Amino acid sequence: MTARILDGNAISALLREELAVRAAALKARGITPCLAVILVGEDPASAVYVRNKVAGCEKTGLRSIKDVYPAAVDPAVVLARIAELNADPTVHGILVQLPLPKQFDADVVLEAIAPEKDVDGFHAENVGALMQGNPRFIPCTPYGVIKMLERGKVVLKGAEAVIVGRSNIVGKPMAMLLLAKSCTVTVCHSQSKDLAFHTRRADILVAAVGRARMITGDMIKPGATVIDVGINRTPEGKLCGDVDFESAKEVAGLITPVPGGVGPMTITMLLTNTLESAERTLK
Ligand code: NDP
């Protein structure tokens, strides 16, 4: 039997309709939710992500500010701009598109963002709050995965969840969120022995590695929910995930495609975090 598809575009469209209503309600009270995005350098993938984030704001009724700096910019210039945005009461969310050029210490930049405007959820204070089970902003990609699992009515309590990848932006926060939902969580990485042994035990398998089609159907438990976070390019220039969709869909019960799965959800959750930040200013 072929797996059911968890359609990120469709779930996103529903969530964005709700966000547009909330944005309009805020505007009626004199507050226009605003996201500031900082892009440094000319990395083409980063430029596309930033363009999509700005477009997402426009379509949902959020204001956006886009600051673009050349790759050779002095980090002090960017830090000064972050300080300005921190102090601006009309700005509710600030994000710096990663990766940054070599002269930057990304941790210093992320820590410079006011925690109450850190809509990516990467500031140490927000990471700590998530760890304590009291999140202020949940990092957008794992947040989107949780929303997809909820919409797909996937049973989380007691489920075996296996995450492949332990990055600060996807794997680690994903583990915390699934743990908070009472999954039994295993996190695999490049040094894990016998990856397939772990993935085959997973009721919920999240792949966040960045290696095209590395998770094949024989590594998946029949009926499992498979969430593919990876975004890779094939030699022919096509987008594909970390999961080999063709073989995986014959084994899994529920699966996300690439493109059209986790990707659109990530931006939707960024808009959600920005809107929530703006709503908090009323409290
Ligand atoms: P990172 O490169 O930061 O992390 C990759 C992780 O995969 C690391 O923990 C690494 O292990 C692990 N890994 C590498 N090789 C193997 C292997 N052979 N077996 C098991 N684990 C391995 O990537 P990100 O977390 O930033 O991103 C992961 C993927 O998700 C990328 O394709 C990225 O483009 C995509 N992405 C998609 C988003 C979306 O919106 N859909 C958002 C963010 C990312 P180790 O720690 O030991 O090095």
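Any read-out appearing in this document is the output of simple, stated calculations on the displayed coordinates, not a laboratory observation. It should be emphasised that the depicted structure is a prediction, and the values quoted were computed from it without experimental measurement. Neighbour counts are summed over all protein chains in view; Cβ atoms, including those assigned to glycine, are modelled from backbone coordinates with ideal geometry.
Taking every DSSP bridge with both residues inside the chain, close to 5 percent are antiparallel. Axis of helix 8-28 versus longest Cα principal axis of the chain: the two differ by about 20°, to the nearest ten degrees.
Based on C-alpha pairs under 8 angstrom that are at least 6 apart in sequence, the chain has a relative contact order of 22 percent.
Entry note, the chain: the mean residue ellipticity at 222 nm calculated from DSSP H runs of n ≥ 4, each adding -39500 (n - 2.57), is -12500 deg cm²/dmol after division by the residues and rounding to the nearest 500. Contact order, relative form, for region 132-179: 48 percent (alpha carbon pairs under 8 Å, 6 or more residues apart, mean separation divided by residue count). Counted residue by residue at 0.36 nm each, then reduced by the alpha carbon distance between them, the extension gain from residue 42 to residue 87 reaches 13.4 nm. Straight-line reach from residue 181: which lysines have a Cα under 17 Å away, not including same-chain ones fewer than 8 places off? Straight-line reach from residue 181, under 17 Å: 147, 153, 157, 172.
Placing +1 on the Cβ of every Lys and Arg and -1 on the Cβ of every Asp and Glu, with no other charges, gives region 140-262 a dipole of roughly 340 debye about its Cα centre. Taking θ as phi - 60° and the Karplus parameters 6.51, -1.76 and 1.60, the scalar couplings of region 174-183 work out to 4, 4, 4, 5, 5, 4, 5, 8, 6, 7 Hz in sequence order, x denoting glycine and proline. Stretched out straight at 0.36 nm per residue, the stretch from residue 10 to residue 192 would grow longer than its current Cα-Cα span by 62.0 nm. With the simple model of a label 7 Å out from the Cα in the direction of the Cβ, residue 153 to residue 59 spans 2.7 nm.
Over the chain, the alpha carbon radius of gyration divided by the compact-protein estimate 2.2 N^0.38 Å works out to 1.01.
Using R0 = 25 Å, the C-beta based FRET efficiency linking residue 167 and residue 52 works out to 0.75. With an a/c value of 1.5 or above and a/b larger than b/c for the gyration tensor axes a ≥ b ≥ c computed over the alpha-carbon atoms, region 1-160 is described as prolate. The angle between the Cα long axis of helix 75-87 and the longest principal axis of the Cα atoms of the chain comes to about 80 degrees, rounded to the nearest 10.
Across region 140-262, the relative contact order, built from alpha-carbon pairs under 8 Å that are at least six residues apart, equals 22 percent. Per-residue Cβ neighbour counts within 10 Å put 48, 170, 127, 226 in the sequence 48, 127, 170, 226, beginning with the fewest.
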